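Undergrad: After the structure tokens below, expect a handful of questions from me.
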Amino acid sequence: MADKFDVVVIGAGPAGYVAAIRAAQLGLKTACIDDFVGRDGKESFGGTCLNVGCIPSKALLDSSKHFEHLGKHYASHGIKVEGTPQIDVPTMIARKEGIVKKLTGGIKMLFKANGVTGIHGHGKVLANKVVEITPVAGGDTQEVTADHIIIASGSVPIAIPNVEYDDEYIIDNAGALDINSTPETLGVIGAGVIGLELGSVWRRLGAKVTLLEAMDDFLAAADKDIAKAAQREFKKQKLDIKLGAMVKKAEVVDGKVNVTYAQGDKTHEATFDRLLVAVGRKPCTTNLLSSDCGVELTERGQIKVDDECRTSVEGIWGIGDVVRGPMLAHKGSEEGIAVAERIAGGKPHVNLDVVPWVVYTEPEIAWVGKTEQQLKDDGVDYRVGSFPYAATGRALAMGESAGMVKMLADAETDRLLGVHIVGANASELIAECVVTMEFHGASEDLARIVHAHPTLSEAVHEAALSVDGRSIHKVN
């Protein structure tokens, strides 16, 4: 007789483990199945984000930022260092692993505290809401049944033709987190979020980094003014970003990676010590659904869901990277909470139009809502306000004067339509803009709120004032 649960969650990433905890908090008997294996060979909840994505990459970004500032920026503060700073890469990697272990272990503790049954294995949805579990270490499969199944299987890196991963020289994002010494040269296919962040880590540590981006526009998803400002800063940092560069093949020869790429009507050759493939991610549905389970996929290979994350089968739900919408950890977490509450009879809401995006480079890039180009394409009449970091006292005191805030508001109603930031702490500054937009606020609301002085948030305040042409600390 198969074990019976109220809710079974497949996947313990930011979408799945959050859904499981919330379901258990609501009194539902809940199990969460995940097959990730940590570096120690044991189960490790947290999915890509905590194990080989968001968290470890931020740890390395922080370490590499300290190293670069020590060697290049501290002298202007009067801080002198004898000799040339050195980086102990294995120690840096070990610190990253310690953070990962603490957080993934924390999920196990949260499961135990909330009564979630964590199961290490591969989950597959069968007919009649049965889930087959294949143990990671081998052995007999088992089955569990549930009134509700939440699919949160996440995503995996996209591979490209004629570029085969070998996990040593040609690597994905996980491999780029575990390089044991700084390569002299690092090639990156893709200048999106992952490519920019991990490229920045190794560039700061001394690698010569080249990013090969197939698109002609840099950071096409971002507002053009923000992308242009960011690109200018990355160029100063000597990140070599080649746009319109379509990689044709890559092969390892004598411990080096030879890359052939086309740019315009010309073909180029480049050689790197390591090559990171960071061209995006795709939904993870491998061996996830039996042919008779009834769950449908979209043309893009995603689990097909409605606006409330219901699949084509009553009682089966899909959340996170495996469904429509941005592949962002926080989006998946909120969907997980919402689905758990719907199962329990609640009526929650997740607004996918007001989900913040962040790139954790230096300067950081963050945005929410529409870009100026999108508003133009939609025929929306709007007003623009902006303010440079260089005009804020706090940014100058921090030595972080690069950047700007750009705000877009409806020309008639003043309702906030989009905010775009490039600069220090953009990831934190975007939050008040998200709140304003979620509550259908106006630029005037942000303009009238008292912001502490001196803070970087004053740039948001001044950008809001600028929408109406009344910024105080810049010429309107």
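Undergrad: Apply the Kirkwood formula to the stretch 343-475: the hydrodynamic radius equals the inverse of the mean of 1/r over all pairs of different alpha-carbon atoms; give it in Å with one decimal.
TA: Working: mean 1/r = 0.0666 Å⁻¹.
One decimal place: 15.0 Å for the Kirkwood radius.
Undergrad: If you don't mind, another one. What is the percent carbon and sulfur in the accessible area of the stretch 49-147, measuring with a 1.4 Å probe over the protein chains and ignoring ligands? If you can, show how the numbers build up before the last one.
TA: Values: 3040 of 5490 Å².
Taking all protein chains in place, the stretch 49-147 shows 55 percent carbon and sulfur surface.
Undergrad: Let me ask something else. May I have the convex hull volume per residue, in Å³, for the Cα set of the stretch 53-109?
TA: Working: hull volume 5.3 nm³, N = 57.
In the stretch 53-109, the Cα convex hull volume per residue is 93 Å³.
Undergrad: Here's something else I'd like to know. Based on the alpha-carbon gyration tensor of the stretch 148-210, what equivalent-ellipsoid semi-axes (square roots of 5 times the eigenvalues) come out, in whole Å, largest first?
TA: Details: eigenvalues 132, 39, 27 Å².
Over the Cα atoms of the stretch 148-210, the semi-axes work out to 26, 14, 12 Å.
Undergrad: To two decimal places, what compactness ratio does the stretch 204-266 give when its Cα radius of gyration is scaled by 2.2 N^0.38 Å?
TA: Working: Rg = 13.8 Å, N = 63, 2.2 N^0.38 = 10.6 Å.
It is 1.30.
Undergrad: A follow-up question, please. Give, to the nearest whole percent, the P(r) tail of the stretch 219-332 beyond 18 angstrom, counting all Cα pairs. Intermediate results must be reported in sequence, preceding the final value.
TA: Values: 4395 of 6441 pairs.
When every Cα pair of the stretch 219-332 is considered, 68 percent fall beyond 18 Å.
Undergrad: Find the relative contact order for the chain and round it to a whole percent, using C-alpha pairs within less than 8 Å whose residues are 6+ positions apart. Mind dumping the intermediate values first?
TA: Numbers: 1035 pairs, mean separation 68.3, N = 476.
Relative contact order here is 14 percent.
Undergrad: Additional query: Between the stretch 1-41 and the stretch 79-99, what is the separation of their alpha carbon centroids in Å?
TA: The distance from the Cα centre of the stretch 1-41 to that of the stretch 79-99 comes to 37 Å.
Undergrad: Now, a different point. What are the extents of the Cα atoms of the stretch 303-415 along their three principal axes, in Å, largest first?
TA: For the stretch 303-415, the Cα spread along each principal axis is 55, 35, 23 Å.
Undergrad: For the chain, which longest stretch is free of loop sites, where a loop site is one of the GluC sites (Glu not before Pro) that DSSP puts outside H, G, I, E and B and that has at most 15 other Cβ atoms within 10 Å?
TA: Working: sites that count: 82, 164, 168, 184, 296, 299, 308, 314, 412.
Of all site-free stretches, the longest is 185-295.
Undergrad: Extent of the stretch 114-242 along each principal axis, from alpha carbon coordinates, in Å, largest to smallest?
TA: Principal-axis extents of the Cα atoms in the stretch 114-242, largest first: 56, 36, 35 Å.
Undergrad: Could I ask something else about it? Across all directions of projection, what mean area in square nanometres is found for the Cα convex hull of the stretch 1-126?
TA: Average of the hull's projected areas for the stretch 1-126 equals 10.4 nm².
Undergrad: Which pairs, out of 29/331; 101/129; 65/108, put more than 27 Å between their alpha-carbon atoms? Numbers along the way, then the final one.
TA: Numbers: 29/331 24 Å; 101/129 33 Å; 65/108 31 Å.
Among 29/331; 101/129; 65/108, the Cα-Cα distance tops 27 Å for 101/129; 65/108.
Undergrad: If you bin the C-alpha pair distances of the chain every 20 Å from 0, what whole percents do you get?
TA: 22, 52, 25, 1
Undergrad: Let me know the charge dipole size of the chain about its Cα centre in debye, to the nearest 20, where only the beta-carbon of Lys, Arg (+1) and Asp, Glu (-1) is charged.
TA: 980 debye
Undergrad: Compute the accessible area per residue over the stretch 1-99, keeping the other protein chains in place, probe 1.4 Å, unit Å². Mind showing how you got there, number by number?
TA: Numbers: 4800 Å² over 99 residues.
Value for the stretch 1-99: 49 Å² per residue.
Undergrad: Let me ask you something else. So which trypsin sites (Lys or Arg not before Pro) in the stretch 178-271 are both in a DSSP loop and have at most 14 other Cβ atoms within 10 Å of their Cβ?
TA: Details: sites: 203, 204, 208, 224, 228, 232, 235, 236, 238, 242, 248, 249, 256, 266; in loops: 238.
Listed in order of number, the matching sites are 238.
Undergrad: What is the distance, in nm, between label points placed 7 Å from the Cα along the Cα-to-Cβ direction at residue 95 and at residue 249?
TA: Here the modelled spin labels are 4.2 nm apart.
Undergrad: Per residue, how much accessible surface does the stretch 154-252 expose to a 1.4 Å probe? Answer in Å², no decimals.
TA: Numbers: 4410 Å² over 99 residues.
For the stretch 154-252, the per-residue accessible area is 45 Å².
Undergrad: What FRET efficiency, computed as 1/(1 + (r/R0)^6) with R0 = 35 Å and r the Cβ-Cβ distance, is obtained for residue 263 and residue 141, rounded to the nearest 0.05?
TA: Details: r = 50 Å, r/R0 = 1.42.
About 0.10, to the nearest 0.05.
Undergrad: For the stretch 46-192, take N as its residue count and report Rg(C-alpha) divided by 2.2 N^0.38 Å. Working shown, then result.
TA: Numbers: Rg = 21.0 Å, N = 147, 2.2 N^0.38 = 14.7 Å.
Compactness ratio reported: 1.43.
The values are calculated or read from the model by the stated rules, or taken from the named source; none is laboratory data. Source: prediction; values computed, not measured. In this analysis, Cβ positions are derived from the backbone assuming ideal geometry, glycine residues included, and neighbour counts consider all displayed protein chains. Accessible surface areas use protein heavy atoms only, side chains included; no ligands, DNA or RNA. Shrake-Rupley method; radii C 1.70, N 1.55, O 1.52, S 1.80 Å.
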